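Visitor: This is the structure, below, for whatever I ask next.
What follows draws every value from the coordinates through simple rules; no lab data is involved. Everything quoted here is computed from the prediction, not taken from an experiment. Cβ sites come from the backbone with ideal geometry, for glycine too, and all protein chains shown count toward neighbours.
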C-alpha cells in the first residue's frame, strides 16, 4: 500500500469571534463545501472530531459530474492521474456472462464515466487545498452541543485543550450518517433500513482483470448471494459480498471469516487483506435539509446503499449546489430565499437516488421465492434480449440530477429541439480557441453566471453583461471558441441560440433571440430565490437582436 495516513495537528482553542460559516465534519462532503466557499472568498472554519482522513477505501466511484466539479475546484486532473478510469461493466448470473454495458460510449468528453479512487486520497488532497485556500481546519475538535437561533448558531465544542463555545452565522452539517448536529437538533430520518448485510473487503493483489465493474448474481463461489468486484489505485481491489440478514457483523469482519470467502473467489492467487467493513442498506433522508441557519449535506442529510455510487457523488453535488448560493448571500448579492432552493433542488435529487437505491436493493435481495424466481428469469432473458437488460438492477450507477422542476429555471425560456432540458448540468464538448488550442466547454463555465452565445453578440453587449456580473462566451466561426468537431452543436441542438448557465453549471435559460434586459432580470430573479420569492421576469418588450 502506497498511502500513508496523515495525522493533522490539533490547533489551540480559537478566539471567540463569530465566523461566517462553520462546517461540521471533515470528510469528503465537508471538505468539498469548505473548499468551494473559501475559493469564493468566504471565511470558513471546519471542525472534525478525528485527526486523519477516512480509514478504508469507502466511496471509490467518482462519477463524471463529480469529476467535473472537482475540475472547477482545481483537483480534477489529480483524479485522472491517480485513479482508475472505467466506462464498461459486466453482469454475470451463476457461471454465465449475461451482458456488458458502456456508460460513456461516445468520445469528446474531458472526464470518463467513472474514476475509481480510494476516498482517503480525495480527502487528503482536499485538506491540502483547503489549507491553501485559507480554511481554518480544527482537528480533534468535537461538537457537543448546538443552539440554533434566528441570527446565528452557538456551538459547544470539546478539544484536547478544553471545552469552548463557537459562534457561527451559518452551520453546515456534513458529519455523516451518525451526525452529531442532527442529534443535537433531535431530527430523524424517513425511509427504510434493509435487513441484508454486506461485507466490503479491500485486497491488494496483482491481477490482469480488465478495468471494469463486474457483478455476479448467485455465483458458484458464493452461492445464493451477490458479489461485486472493482479495481482501485495501487493494485487494490474492492470486493463486496452479500451476506444475508442473519450475518453477525463482528464475526464476519474477522480475517478467518473473510479470507476463505476471498480464496473461494480468487483461487490460489496471492493477495493481502487491507480493509474490511460490514454494512447494511439504508435508503432514507431528513424531511428537510435546511433548518434555519443549519443546513445538512451528504450522509448527514440522506443515505443510500453503496451499490450505484450514489452516496459520495450525491454529497459532492449537494456541496456544488449549496456553495454558490451561500456565497452569494454572504456577499450581499442574494436573499436568504435563495437558500430555500437548496431543499427544492436537492431533496428531489436525493429522492431519485433513494428510489434507484431501493430498487437495486429489491433486485439484489429479492423478498421471497416468487420475487427471486422473477429476478432469475429476468437475468436469463437479459442474456438474449436487450429489453430485459433494462430490468436488471445491480445498482443503477450515479447520474447527475436534472433539476427540471427547479424554481430557478426560467419559465419564459424557449429551448429548441436538441437543447438539454432546463436544470440539466452542462454537457462537456471539445472546442478550439482562437489560438488553435483545444479547450473544454466546461472551462468556459467557471466564472459564475455565464451566457453561451452560438454566434456573435451585438457590439458592446459583452461589456454590458460583464458590468452586470454575467460572463459572455461566443461559439462560432467568428467567436472566441469554434466547434470544429461539431460535438457542441450535436449536444446542444443546431440552433443559433443563447444558453444561460448558473454558477454551478446548470442550465437556467435557453433562447433563440438575445434579450439583455431579460437576462439581467433573470439573474436578479434567481438570486432572489426564483419562483419561491417572486413571479418570473417577463420578457422585455424591446429585444436586442444580433
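Visitor: Given a Förster radius of 22 Å and the C-beta distance between residue 208 and residue 102 as r, what FRET efficiency does 1/(1 + (r/R0)^6) yield to the nearest 0.05?
Guide: Efficiency for this residue pair is about 0.60.
Visitor: What distance in nm separates the simple spin-label points at residue 192 and residue 381, each placed 7 Å from Cα in the Cβ direction?
Guide: In this crude spin-label approximation the distance works out to 2.1 nm.
Visitor: Hey, with R₀ at 60 Å, roughly what FRET efficiency would residue 55 and residue 459 work out to, going by the Cβ-Cβ distance, to 0.05?
Guide: Result of the calculation: an efficiency of 0.50.
Visitor: Roughly how many whole Å is it from the C-alpha centroid of segment 177-204 to that of segment 51-74?
Guide: Using only Cα atoms, the two centres lie 19 Å from each other.
Visitor: Same structure, new question: Express the relative contact order of the chain as a whole percentage, based on alpha carbon pairs under 8 Å and six or more residues apart in sequence.
Guide: Relative contact order here is 14 percent.
Visitor: Distance in nm between label sites at residue 367 and residue 335, each 7 Å beyond Cα in the beta-carbon direction?
Guide: The modelled label-to-label distance comes out at 4.4 nm.
Visitor: Of the peptides 444-450, 190-196, how do they stack up when ordered by the mean number of other Cβ atoms within 10 Å, highest first?
Guide: Going from most to least packed, we get 444-450, 190-196.
Visitor: A further question follows. Based on the mean of other Cβ atoms within 10 Å per residue, sort peptides 30-37, 398-405 so the most packed one is first.
Guide: Packing order, densest peptide first, comes out as 30-37, 398-405.
Visitor: Stokes-Einstein at 37 °C, 0.692 mPa s, Kirkwood radius from Cα pairs: D for segment 282-378 in µm² s⁻¹?
Guide: Once the numbers are plugged in, D ends up at 220 µm²/s.
Visitor: Give the separation of the Cα centroids, segment 427-447 to segment 338-405, in Å.
Guide: Value for the Cα centre distance between the two parts: 34 Å.
Visitor: Any chance you could run the full-extension gain for residue 85 through residue 517? It's 0.36 nm times the residue separation minus the Cα-Cα distance, nm to one decimal.
Guide: 151.1 nm
Visitor: Which residues does the label zone of residue 7 cover in segment 136-155, counting backbone N under 14 Å from a point 7 Å along Cα→Cβ?
Guide: Flagged as within label range: 140.
Visitor: If contacts are Cα pairs under 8 angstrom and at least 6 residues apart, what is the relative contact order of segment 430-532 in percent?
Guide: Computed value for segment 430-532: 28 percent relative contact order.
Visitor: Defining a contact as two alpha carbons under 8 Å apart and six or more residues distant in sequence, what relative contact order in percent does segment 1-142 show?
Guide: 36 percent
Visitor: For residue 259 and residue 480, compute 0.36 nm times the residue count separating them, minus their Cα-Cα distance, and round to one decimal in nm.
Guide: 73.7 nm
Visitor: If you take the beta carbon distance between residue 532 and residue 268 as r and set R0 to 45 Å, what does 1/(1 + (r/R0)^6) give as a FRET efficiency, to the nearest 0.05?
Guide: Once rounded, the FRET efficiency stands at 0.15.
Visitor: Ok, one more. Ranking request for peptides 436-442, 74-80, 62-68: highest mean number of other beta-carbon atoms within 10 Å first, then the rest in descending order.
Guide: The densest-packed peptide leads the list: 62-68, 74-80, 436-442.
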